[in-house]
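Notes to accompany the following structure.
The values are calculated or read from the model by the stated rules, or taken from the named source; none is laboratory data. These figures come from a predicted structure and were not determined experimentally. Reconstructed Cβ throughout: ideal geometry from the backbone, glycine too, with neighbour counts over all protein chains shown. Protein only, heavy atoms only, side chains kept; ligands, DNA and RNA dropped before computing areas. Shrake-Rupley method; radii C 1.70, N 1.55, O 1.52, S 1.80 Å.
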Amino acid sequence: MAISSTKDVPNTSATPEHVAIIMDGNGRWASQRFLPRTAGHAKGVQSVRRAVETCGNAGVRYLTLFAFSSENWRRPADEVSLLMRLFVQALEREVSRLQEQGVRLRVVGDLSPFEPKLQELILQAQESTAQNDALHLTIAANYGGRWDILQATRRMLAAHPELAAHPDQLDEQLLSNYLSMAWAPEPDLFIRTGGEQRISNFLIWQLAYTELFFTDCYWPDFGEAELRQAFDWYSTRERRFGRTSAQVYGSAKT
Ligand code: IPE
Ligand code: IPE
Ligand code: MG
């Protein structure tokens, strides 16, 4: 069952257990080099590989990457189709590496608009890595935080039709159990590359008490050193979850 950070104070440690990243800046990385935007996306795949490796080595248990938002369909058709092709390619080429590293892969989001081949590859990759436990890698694809809350509400009401007549019985914990990442703790550290300081409809429910790290570095340039810098910054944060600093210090001593 998911622990809600606004209901209970979760245990935390110097290394984040769950890291969630908005991988932004691929297009600008490419434009700076007079390359098509799509070259930035292709280059970005290497950063994904590095992030998985670095997180695995650092002892991070959950890594969640925002690959395609529910709003990204608004982009030019050729860019969208290149992104889909890269997704297919990555699934075809990278799953054996994930397997070797003990990585369990999951994809969250509304997968129904994806072409059947992509949906099939996603299912296969999820199944074939289902026994792995070293690192839980989640790719958010056609994902939107608002979609997630809505789909959770729909599924919860379908399972508990009595709630419609007794809405007072609905609580945060129950709804959280239907979110698409209910099996994971809420993110400890959020990273957004590319300079923008916004959430862009990522895990809006789950980020309630997450530490937010923004960097100007474009995603294709984001490597091990940059990720370690974010971890170092995270280790200096005092996570109060509504308490006073003295309380945090006191509880840390007990
Ligand atoms: C992030 O990079 C990748 C996706 C959204 C798929 P962008 O493509 O948003 O790059 P910029 O922000 O235009 O530089
Ligand atoms: C957010 O990036 C989504 C992903 C990285 C997948 P965008 O580049 O689409 O976000 P906005 O439009 O700048 O907010
Ligand atoms: Mg962007």
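Quick notes on this structure:
- Applying 1/(1 + (r/R0)^6) with r as the Cβ-Cβ distance of SER245 and ALA208 and R0 = 25 angstrom yields a FRET efficiency of 0.80.
- Here is the list for segment 17-81: chymotrypsin sites (Phe, Trp or Tyr not before Pro) lying in DSSP coil, each with at most 12 other C-beta atoms within 10 angstrom of its C-beta, are PHE34.
- Under 5 Å from the amide H of THR138 lie the amide H atoms of LEU63, THR64, LEU65, ARG106, each residue being 5 or more positions distant or on a separate chain, with H modelled from the backbone and absent for Pro and chain starts.
- Most fluctuating residue given options ASN72, ASN11, ASN132, as computed from a GNM of the chain linking Cα atoms under 10 Å: ASN11
- In percent, rounded to a whole number, the relative contact order of the chain is 30, using alpha-carbon pairs under 8 Å and six or more apart.
- Solvent-accessible surface of the chain, taken per residue with a 1.4 Å probe and all protein chains present: 51 Å².
- Phi to ³J(HN,Hα) by Karplus 6.51 cos²θ - 1.76 cosθ + 1.60 over segment 41-52, Hz, x for Gly, Pro: 5, 4, 5, x, 4, 5, 5, 4, 4, 5, 5, 4
- Sulfur and carbon atoms: percent of accessible area, segment 68-180 [1.4 Å]: 53 percent
- Rg and Dmax [Cα atoms of the chain; Å; Rg one decimal, Dmax integer]: 18.8, 59
- Ordering TYR249, TYR209, TYR143 by accessible surface, largest first, gives TYR249, TYR209, TYR143; the 1.4 Å probe counts only protein heavy atoms, with every chain in place.
- With the simple model of a label 7 Å out from the Cα in the direction of the Cβ, LEU150 to ARG97 spans 3.5 nm.
- Along the chain, the longest continuous region that contains none of the GluC sites (Glu not before Pro) in a DSSP loop with at most 11 other C-beta atoms within 10 Å is 72-237.
- Pairwise FRET efficiency - TRP233 versus LEU157, Cβ, R0 = 30 Å, nearest 0.05: 0.15
- In the context of the full protein assembly, ILE204 retains an accessible surface of approximately 70 Å², using a probe radius of 1.4 Å and ignoring ligands and nucleic acids.
- Net +/- balance of residues flanking THR210 in space, Cβ distance below 11 Å, scoring K and R +1, D and E -1: -1
- Across ASP171, ASP232, ASP148, mean-square fluctuation computed from a Gaussian network of the chain (C-alpha pairs under 10 Å connected) peaks at ASP171.
- Solvent-accessible surface ranking, highest first, for LEU121, LEU137 at 1.4 angstrom: LEU121, LEU137
- Applying the Kirkwood pairwise sum to the alpha-carbon positions of segment 128-219 produces a hydrodynamic radius of 15.3 angstrom.
- In the complete set of protein chains, residue-level accessible area for ARG228 is approximately 90 Å², probe 1.4 angstrom.
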